[in-house]
Amino acid sequence: MSRFLSKQYEKLTPYTPGEQPRERAYIKLNTNESPYPPSPGVVAIKKEQLEDLRLYSDPEAHGLRRALAQQYGVNPENVHVGNGSDEVLNFAFMAYATDGRGAAFADITYGFYPVFAQLNDIPVSIIPLREDFSLCPEDYFSLHQTIVIANPNAPTGLALRLEQVEEILLSNPDSVVIIDEAYVDFGAQSCVPLTKRYDNLLVVQTFSKSRSMAGARLGFAIGHADLIADLERIRFSTNPYNVNRLTLALGETALQEQSYYDENCKRIIATREACKARFHQMGFVFPDSKANFLFVKKEGANGKLLYEELKRKGVLVRHFEAPRLSDYNRITIGTPQQMEVLFQCLEEIL
Ligand SMILES: *Cc1c(COP(=O)(O)O)cnc(C)c1O
């Protein structure tokens, strides 16, 4: 920290991303990336597209917004696109939780929410999950704060049903409810249809997980046109070219090849369910994940040690130090072959 840094950032604790190691080739099951490459059209990027990089990207992202609107059954004015959903979420925190209004989210959820709150000087209400990591909708009734829920949640993988989200929306008509659907394509119910009936609902999704494009940085939000206009106001005050030209084009191509991604999701879900059975046989316990990861612990095994021993054997998983989490490891669902290696390593270690 230099002596020049503004006071307001001195106490900021930045987000800690999962390791992206360079020193050795790991089986990488630590950051919920897809084990499968992007679709054929995305991979076949053309020389002309690279030459077009001399031009700024379309600040209105017309093509991609139209394509997203079509795919999700909404209008382009209901769609905002961002440089990863992290940017979209930060804009939403800025738009709807500042002025002292505050944000409410679970004690165990995506680790970026408290960082966005701190960055924007937003007071927070931390709402503990139940002992089994489930979220109790009643805890979110009539809060008069911006509500942020990852559905499915990270790192547990547990998902709320649509009716439960609807109860929360109904009891908070004067607050924005942000549903972060980063993992929704792996088997949970999407709240996008509810955006037509609730003007206080913002659904945020990403191309990083189910669409194999984490490195391209592309996220989006769907909601009432007025909510989207708010986010656009902030975007045009920050960086109108927030999504680069290549990523806009590749995002559109990806949507044209949706069936490829649907197949991948099916494969990942099948692998996940097979892994649940296997973990269960080995005496692990875990919440019933609807995401592309499992959050597992074994009675009597030390979570941190397990992480370290797996790493030594070349398998990278994610361990969190927080009190309620430290017995667990979050393990991304890879290919069946990768998971086989994981289980062999676990057998050796245990
Ligand atoms: C991965 C993840 C994101 C961020 O995704 P990007 O689009 O890559 O920024 C947002 N929310 C949750 C819950 C995630 O797990």
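General remarks:
- Taking the criterion of being surrounded by fewer than 22 Cβ atoms within 10 Å (Cβ to Cβ) and more than 28 Å from GLN20 (Cα to Cα), the residues of segment 212-230 that qualify are HIS224, ALA225, ASP226, ALA229, ASP230.
- Residue count, segment 192-211 (criterion: free of Cβ contacts under 8 Å to residues at least 60 places away in the same chain and either surrounded by fewer than 21 Cβ atoms within 10 Å (Cβ to Cβ) or more than 14 Å from the ligand (Cβ to nearest atom) (or both)): 6
- Residue pairs whose Cβ atoms lie under 6 Å apart, separated by 6 or more positions or on different chains, with the first residue in segment 251-276 and assigned to a helix (DSSP H, G or I) and the second surrounded by fewer than 19 Cβ atoms within 10 Å (Cβ to Cβ), are GLU252/GLY63; THR253/GLY41; LEU255/GLN71; ASN264/TYR36; THR271/PRO336.
- Test: residue in segment 249-262 that is within 15 Å of the ligand (Cβ to nearest atom), of a type in the set (A, V, I, L, M), farther than 16 Å from TYR183 by Cβ and modelled with pLDDT of 95 or more: yes
- Against the criterion of being on the phi > 0 side of the Ramachandran plot and of a type in the set (Phe, Trp, Tyr), PHE112 does not qualify.
- Counting the residues of segment 34-91 that are farther than 13 Å from LEU250 by Cα, surrounded by 20 or more Cβ atoms within 10 Å (Cβ to Cβ) and over 21 Å from the mean Cα position of the chain (by Cα) gives 1.
- Test: residue in segment 2-17 that is more than 20 Å from the chain's Cα centre (by Cα) and surrounded by 15 or more Cβ atoms within 10 Å (Cβ to Cβ): no
- Only one of PRO173, PRO193 that is touching a Gly at 6+ places or on another chain (Cβ under 8 Å) and over 16 Å from PHE91 (Cα atoms): PRO193
- Selected residue (criterion: nearest to the ligand (Cβ to nearest atom)) from residues of segment 114-161 that are in a loop (DSSP other than H, G, I, E, B) and among the aromatic types (Phe, Trp, Tyr): PHE133
- Qualifying residue in segment 100-113 (condition: within 16 Å of the ligand (Cβ to nearest atom), part of a helix (DSSP H, G or I), aliphatic (A, V, I, L, M) and crowded, with 20+ Cβ neighbours inside 10 Å): no
- Taking every residue in segment 239-250 that is over 11 Å from GLN49 (Cβ atoms) and pairing it with any residue that is aromatic (Phe, Trp, Tyr), at least 6 positions away or on another chain, the pairs with Cβ-Cβ distances below 7 Å are TYR241/TYR56.
The values are calculated or read from the model by the stated rules, or taken from the named source; none is laboratory data. Keep in mind the model is a prediction, meaning the values are calculated, not measured. Neighbour counts are summed over all protein chains in view; Cβ atoms, including those assigned to glycine, are modelled from backbone coordinates with ideal geometry.
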